[in-house]
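Take a look at the structure below.
The values are calculated or read from the model by the stated rules, or taken from the named source; none is laboratory data. Treat the numbers as computed from the prediction; the structure is a model and nothing was measured. A quick note on method: Cβ atoms are made from the backbone with ideal geometry, for glycine too, and the neighbour counts reach across all protein chains shown. Keep in mind that these areas ignore ligands, DNA and RNA; they rest on the heavy atoms of the full protein, side chains included. Shrake-Rupley method; radii C 1.70, N 1.55, O 1.52, S 1.80 Å.
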Amino acid sequence: MVVILKIIQVILALSLLVLVHEFGHFIFAKLFRIRVEKFYLFFPPALLRFKPKGGETEFGIGMIPLGGFCKISGMVDESLDTKGLKNPPQKWEFRSRPAWQRLLVMSGGVLMNFITAAVIYSFSLFTWGQEYLRTEDAIYGIEVNSLSKEMGFCNGDILLQFDSKPLPENFSELQMYLIRDKVKQVTLLRQGDTINIEIDDAYIPAMLNTPGIFSFRAPLAIREIPDSSINFESGLKAGDSFLSINGAECRFFDQLHNELGKYSNSTAPLCVMRDSTIMTIPVAVNNEGKIEVFLQYDIKDFNITRKEYDLLSSIPAGIELMYTSVTNYIKELGLIFTPKTQAYKSVGSFIAIGNVFPDTWNWRIFWNITAMLSVMLGIMNLLPIPALDGGHILFTLFEIVTRKKPSDRFMEIAQVLGMVLLLAIMFLAIGNDFIKLLK
């Protein structure tokens, strides 16, 4: 059921974005009276198609849900249909239009993707607002995993600066900021001392594939005591906050884990706080050093930032969020094209996209992921690869500057080479996904 739900989310999100992208090409073509022969969601064979009476465009839905297309007369595109190019250019064809018009037609898809991202972000902010933990409000510092510990970080470190620059406001963005900006030095506070940790670029591949190198450190409390637990009748209750064991502090997970390990197969004097009352309860510890209860973070001491937006304030905030997403993704692409970072190993296909979506339906998360995918689709289409919009834009800009138009034969060959390159990238993405599935 989870797999089906993820497939539905991927198809719905990408279908919307493909329609928006192709509509950008369509609307500019129509604006300049260029004939659009076909406008399809998904690829042929056609599942449904129709042509309005007196219209020139055939609209349809294909049977292969891998994208869509807008076939414009007189243009060499991914269909590689060049039959019409043997005839003299007609006034309704793409190739007969001045370069500035062709540039706008080719840029229309990317432009619509960016506009769509800004609209979705604005809608999301207006509907749900924002809720996050500011980095400065992570009052107990960070909780590390094995990778960040290897890099030199410790539980309780309070991060101060990345390369002598202020940290991102949102705590959840710390890891990606560290990777995207290739931070060389982290300044932090450890037990009252200010120290610097040097970050080796060799850690970038591991950071890309290891989520949660920084978690906010928070006190622990009991969420639930299952009836199968060895401490079901010990006197512990849901909501109890951990304080210490035999005088040794155990408010945090690493402390609790270390102290309980000393009492394996015995009883530990656990000090907890319950409704402002401190009490000590003897608890049984199994042979793995666990007390068999479900834990939760006790976040009552944290200041969670909540922002609400009205209609007017949500629009500029949505545009700013779109712009931030664009700049961040460009930095991430820079990592992918830097072989030593091995970021190319993180390139994924539809499987990777599906894994980004949650296991349960959540409209807020769905729309925010869709907005990010819209940004990604827009930027990817700007890459100077002939089979993509970016390749056509590059050739058109070359024409504007040199006043020399590439021949139809050149465009045909370039399109084929571009398709081969795109297929290679697709195989890389699918291969990466399968390697991850097999691990």
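Please determine, by comparing only the residues of the stretch 137-149 that are in a helix (DSSP H, G or I) and in contact (Cβ under 8 Å) with a residue 12 or more places away in the chain, which one is least open to solvent (accessible area, probe 1.4 Å).
We begin by selecting, within the stretch 137-149, every residue in a helix (DSSP H, G or I); these are 137, 146-149.
Cutting the leftovers down to in contact (Cβ under 8 Å) with a residue 12 or more places away in the chain gives us 137, 147-148.
On the way: Asp137: 20, Leu147: 17, Ser148: 0 Å².
Checked the stretch 137-149; the qualifying residue least open to solvent (accessible area, probe 1.4 Å) is Ser148.
Please work out if Pro205 is open to solvent by less than 30 Å² (accessible area, probe 1.4 Å) and under 30 Å from Ile330 (Cβ atoms). Let's see the steps before the verdict.
Details: open to solvent by less than 30 Å² (accessible area, probe 1.4 Å): yes; under 30 Å from Ile330 (Cβ atoms): yes.
Judged against the criteria, Pro205 is a match.
Quick one: count up the residues across the stretch 391-407 that are in contact with a helix residue (DSSP H, G or I) (Cβ under 6 Å, 6 or more places away or on another chain) and either of a type in the set (Phe, Trp, Tyr) or not in a loop (DSSP other than H, G, I, E, B) (or both). First the steps, then the outcome.
If we filter the stretch 391-407 for residues that are in contact with a helix residue (DSSP H, G or I) (Cβ under 6 Å, 6 or more places away or on another chain), which is where we start, we get 391-393, 396, 399-400, 405-406.
From the residues that got through so far, the ones that are either of a type in the set (Phe, Trp, Tyr) or not in a loop (DSSP other than H, G, I, E, B) (or both) too are 391-393, 396, 399-400.
The total comes to 6.
If you check Tyr140, Tyr121, which single one turns out to be more than 30 Å from Ile315 (Cα to Cα) and among the hydroxyl-bearing types (Ser, Thr, Tyr)?
Details: Tyr121 fails: more than 30 Å from Ile315 (Cα to Cα).
Tyr140 is the lone residue from the list that is more than 30 Å from Ile315 (Cα to Cα) and among the hydroxyl-bearing types (Ser, Thr, Tyr).
If Lys30 satisfies all but one of (1) out of contact with any Phe, Trp or Tyr (no Cβ under 8 Å at 6 or more places or on another chain); (2) closer than 14 Å to Glu93 by Cα; (3) part of a loop (DSSP other than H, G, I, E, B); (4) of a type in the set (Lys, Arg), what's the number of the condition it fails?
(3)
Could you list all residues from the stretch 157-180 that are touching a residue at least 24 places away in the same chain (Cβ under 8 Å) and in contact with a Phe, Trp or Tyr (Cβ under 7 Å, 6 or more places away or on another chain)?
Residues of the stretch 157-180 touching a residue at least 24 places away in the same chain (Cβ under 8 Å): 157-162, 167-172, 174-176, 178-180.
If the condition is that a residue be touching a residue at least 24 places away in the same chain (Cβ under 8 Å) and in contact with a Phe, Trp or Tyr (Cβ under 7 Å, 6 or more places away or on another chain), then Phe162, Pro168, Asn170, Phe171, Ser172, Leu174, Gln175, Leu178 are the ones that fit.
Wholly within the stretch 165-250, which strands (runs of 3 or more DSSP E) include no fewer than the required count, namely at least 2 residues that are aliphatic (A, V, I, L, M)? Before you say what the answer is, go through the steps one by one.
Working: elements: 185-190, 193-198, 214-216, 220-224, 241-245.
In the stretch 165-250, 185-190, 193-198, 220-224, 241-245 are the strands (runs of 3 or more DSSP E) which contain 2 or more residues that are aliphatic (A, V, I, L, M).
For residues that are surrounded by 22 or more Cβ atoms within 10 Å (Cβ to Cβ) and of a type in the set (Gly, Ala, Ser), tally how many sit in the stretch 82-131.
Going through the stretch 82-131 one residue at a time, the tally reaches 6.
Kindly indicate whether Glu320 is at pLDDT below 95 and not hydroxyl-bearing (Ser, Thr, Tyr). Let's see the steps before the verdict.
Numbers: at pLDDT below 95: no; not hydroxyl-bearing (Ser, Thr, Tyr): yes.
In short, no.
Pick out the one residue from Ser374, Ser349 that is closer than 24 Å to Ala13 by Cα, modelled with pLDDT under 80 and open to solvent by less than 30 Å² (accessible area, probe 1.4 Å).
Values: Ser374 fails: modelled with pLDDT under 80.
Going through Ser374, Ser349 in turn, just one is closer than 24 Å to Ala13 by Cα, modelled with pLDDT under 80 and open to solvent by less than 30 Å² (accessible area, probe 1.4 Å): Ser349.
Just checking, how many residues over the stretch 303-326 are open to solvent by 40 Å² or more (accessible area, probe 1.4 Å) and closer than 26 Å to Ala138 by Cα?
First pass over the stretch 303-326, keeping only residues open to solvent by 40 Å² or more (accessible area, probe 1.4 Å): 303-304, 306-313, 315-316, 319-321, 323-324.
Going one step further and asking which of them are closer than 26 Å to Ala138 by Cα, we end up with 303-304, 306-309, 320-321, 324.
Qualifying residue count, the stretch 303-326: 9.
Gly156 versus (1) farther than 28 Å from Leu321 by Cβ; (2) open to solvent by less than 30 Å² (accessible area, probe 1.4 Å); (3) modelled with pLDDT of 95 or more: which is the lone unmet condition?
(3)
Checking Ile27 against (1) open to solvent by less than 70 Å² (accessible area, probe 1.4 Å); (2) more than 30 Å from Pro358 (Cβ to Cβ); (3) in contact with a helix residue (DSSP H, G or I) (Cβ under 7 Å, 6 or more places away or on another chain), which single condition isn't satisfied?
So the condition that Ile27 fails would be (1).
What are the residue pairs meeting all of these: first residue in the stretch 283-300, first residue at positive phi, second residue open to solvent by 70 Å² or more (accessible area, probe 1.4 Å), Cβ atoms under 6 Å, and 6 or more apart or on different chains?
Going by the 6 Å Cβ cut-off, the qualifying pairs are Glu292/Ile230.
Within the stretch 59-73, restricting attention to residues that are open to solvent by less than 40 Å² (accessible area, probe 1.4 Å) and either hydrophobic (A, V, I, L, M, F, W, C) or free of Cβ contacts under 8 Å to residues at least 24 places away in the same chain (or both), which residue is nearest to Glu93 (Cα to Cα)? Outline the logic, then answer.
Applying the first criterion (open to solvent by less than 40 Å² (accessible area, probe 1.4 Å)) to the stretch 59-73 yields 60, 62, 67-73.
Then drop every residue that is not either hydrophobic (A, V, I, L, M, F, W, C) or free of Cβ contacts under 8 Å to residues at least 24 places away in the same chain (or both), which leaves 60, 62, 69-70, 72.
Details: Gly60: 21, Gly62: 25, Phe69: 17, Cys70: 14, Ile72: 8 Å.
Ranking the candidates gives Ile72 first.
For the stretch 33-67, how many residues are part of a loop (DSSP other than H, G, I, E, B) and under 22 Å from Ser96 (Cα atoms)? So that I can check it myself, show each step before the final result.
Just the residues of the stretch 33-67 that are part of a loop (DSSP other than H, G, I, E, B), to begin with: 33-35, 51-57.
Retained after the next criterion (residues that are under 22 Å from Ser96 (Cα atoms)): 33-35, 55-57.
Total meeting the criteria: 6.
Among the residues of the stretch 264-277, are any closer than 24 Å to Asn155 by Cβ and outside any strand (DSSP E or B)?
Taking the stretch 264-277 as the starting set, the residues that turn out to be closer than 24 Å to Asn155 by Cβ are 264, 268-273.
Still in the list and also outside any strand (DSSP E or B): 264.
Yes, some residue in the stretch 264-277 is closer than 24 Å to Asn155 by Cβ and outside any strand (DSSP E or B).
If I ask for residues that are touching a helix residue (DSSP H, G or I) at 6+ places or on another chain (Cβ under 8 Å) and of a type in the set (A, V, I, L, M, F, W, C), which ones from the stretch 203-234 would you list? Break it down stepwise before answering.
Here is the first cut: in the stretch 203-234, the ones touching a helix residue (DSSP H, G or I) at 6+ places or on another chain (Cβ under 8 Å) are 203-214, 216, 220.
Residues satisfying the conditions are Ile204, Ala206, Met207, Leu208, Ile213, Phe214, Phe216, Leu220.
If we keep just the residues of the stretch 30-50 that are touching a residue at least 40 places away in the same chain (Cβ under 8 Å) and in contact with a helix residue (DSSP H, G or I) (Cβ under 7 Å, 6 or more places away or on another chain), which is surrounded by the fewest Cβ atoms within 10 Å (Cβ to Cβ)?
So the residue we want is Phe32.
For the condition of a type in the set (A, V, I, L, M) and surrounded by fewer than 19 Cβ atoms within 10 Å (Cβ to Cβ), what is the one hit in Ile225, Ile213, Ile230, Ile199? Give the derivation first.
Details: Ile225 fails: surrounded by fewer than 19 Cβ atoms within 10 Å (Cβ to Cβ); Ile213 fails: surrounded by fewer than 19 Cβ atoms within 10 Å (Cβ to Cβ); Ile199 fails: surrounded by fewer than 19 Cβ atoms within 10 Å (Cβ to Cβ).
Just a single option satisfies the conditions, and that option is Ile230.
Search the stretch 178-194 for residues being more than 19 Å from Arg251 (Cβ to Cβ) and either surrounded by fewer than 14 Cβ atoms within 10 Å (Cβ to Cβ) or of a type in the set (D, E, K, R) (or both), and hand back the single one that is farthest from the chain's Cα centre (by Cα). Give the steps one after another, and end with the answer.
Initially, the stretch 178-194 is screened for residues more than 19 Å from Arg251 (Cβ to Cβ), giving 178-188, 193-194.
Still in the list and also either surrounded by fewer than 14 Cβ atoms within 10 Å (Cβ to Cβ) or of a type in the set (D, E, K, R) (or both): 180-182, 184-185, 193-194.
Values: Arg180: 13, Asp181: 16, Lys182: 18, Lys184: 23, Gln185: 25, Asp193: 35, Thr194: 33 Å.
Restricting to residues being more than 19 Å from Arg251 (Cβ to Cβ) and either surrounded by fewer than 14 Cβ atoms within 10 Å (Cβ to Cβ) or of a type in the set (D, E, K, R) (or both), the top hit is Asp193.
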